[in-house]
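Heads up, the thing below is written out as structure tokens.
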Amino acid sequence: MTQHQLTGGTRTHLTLRFSSTRRGARLARQLAVQQFTEWTGLPYDSDPARTVALVTAELAANAIRHGSLPGRDFRLTLLALPHCLRIEVTDTRPERLPPPVTPKPPDGASGRGLLLVRSYADRWGCTVDDAYTKTVWAEVSCRTEGS
């Protein structure tokens, strides 16, 4: 796991690499929630923190299941923006873009991750910036009910 943190202006940024394993996904989820609560002051059991946990878990699981090559890590980047947290998960399979998300859940035991991301995140998308990686991102509001 490597770490890089920057603070400047209105943005705070943290980037970490995790092994493309279930343990790596679990650590990414835990770290994302911890960092979110530190940046926002919201409690771990707040709705936004739970949403960060769910969205991070789904994006990391997808990177591991559909976007990894043997021996290659995935990267988690957290950006604290003025009213939301942007969660970015970068993997090593730019040719494997996320499928279109439809309102009807797919049949079978899997395939609902991006449906959950679409439902819980304020915005989400995918970018391919080079021939070696793709980044799936989601933005989660930092506001709680009544604020």
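The values are calculated or read from the model by the stated rules, or taken from the named source; none is laboratory data. None of these values were measured; they are calculated from a predicted model. All Cβ positions, even for glycine, are placed from backbone atoms using ideal geometry, and neighbour counts span all protein chains on display. Ligands, DNA and RNA are excluded from the accessible area calculation, which covers all protein heavy atoms including side chains. Shrake-Rupley method; radii C 1.70, N 1.55, O 1.52, S 1.80 Å.
Here are some notes:
- Exposure of His13 as accessible area (Å², to 10), given a probe of 1.4 Å and all protein chains: 50 Å²
- Mean Cβ neighbour count within 10 Å, used as a protection proxy, ranking 84-90, 29-35 highest first: 84-90, 29-35
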